[in-house]
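Okay, structure first, notes after.
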Amino acid sequence: MKTRLLLLLLGVLCVTIANAQMRIQTDDNFVTFNVDDTFDGDDWDANGNDIYLYLFIDASDASNGISSEPLGSFPGTIMASLGADLYKVTIDLSDFYPNGTTIDEIYYTYNDNMGSQNPASGGFSGLAASYVPVTTLSTSDIEKNELSFSIVNGQLMASKNETISINVYNINGQLVKHYTNINISANTSFDLNLNKNKVYFVQLESGNTTQVIKTIH
């Protein structure tokens, strides 16, 4: 039985989403938020104060079921000033999610950390799009791939002889183990040395193919 990835490559290369004051650009893993606070009559005015950006990804909007606050807890992170009342923050989703994760929506609000925010208090704007941290397999690659893996009690096994590289991520998307040039087969296993009672995402790379397996050890 073939092991399928957490998701398929959606091919999102570059998207720009804009409203009156916020402009959002995406390029593969990278999402850039731009705030223009130049003109009177904008949706919201920081009145010369620092602008903080808060981001939230709900677990239901991540294919691996993990929520995240990429810029920290509210009020978030101060946006970089570009001068002329223009502000910018860029995040790399692969810093927060392992290979093969799709993010369907990112919620955001920007604020002055003094009680004023846009949208109004308690509200969020949603960035509706799909983002795919790190390159994954296309559908045709998966169908051609006859190699499958399984993990039992922290032991990795393969359906046939193969030399692979292994990255192990924890539930927060942090790399915790890395192995290269591991020879594995149907008759041998490889101990991933995982801690007990933890959730991991194991990325397996062989030739030009990649698979990700979620495991609880």
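The values are calculated or read from the model by the stated rules, or taken from the named source; none is laboratory data. Keep in mind that what you see is a predicted model, and the values were worked out from it rather than measured. Cβ coordinates were reconstructed from backbone atoms using ideal geometry, including for glycine residues, and neighbour counts include every protein chain displayed. All accessible areas refer to the heavy atoms of the entire protein, side chains included, with ligands and DNA or RNA removed. Shrake-Rupley method; radii C 1.70, N 1.55, O 1.52, S 1.80 Å.
Just to be sure, is Tyr107 open to solvent by 50 Å² or more (accessible area, probe 1.4 Å) and touching a strand residue (DSSP E or B) at 6+ places or on another chain (Cβ under 8 Å)?
yes
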For region 18-113, please list each of the strands (runs of 3 or more DSSP E) lying entirely inside it that holds at least 2 residues being touching a residue at least 12 places away in the same chain (Cβ under 8 Å). 22-27, 30-36, 52-56, 86-92, 103-111
Within region 43-65, restricting attention to residues that are surrounded by fewer than 16 Cβ atoms within 10 Å (Cβ to Cβ) and within 15 Å of Asn118 (Cβ to Cβ), which residue is modelled with the highest pLDDT? Asp50
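Quick one: which strands (runs of 3 or more DSSP E) sit completely within region 154-217 and have at least 1 residues that are open to solvent by 20 Å² or more (accessible area, probe 1.4 Å) and among the charged types (D, E, K, R)?
Working: elements: 155-158, 162-170, 175-184, 199-206, 209-216.
It comes to 162-170, 175-184, 199-206, 209-216.
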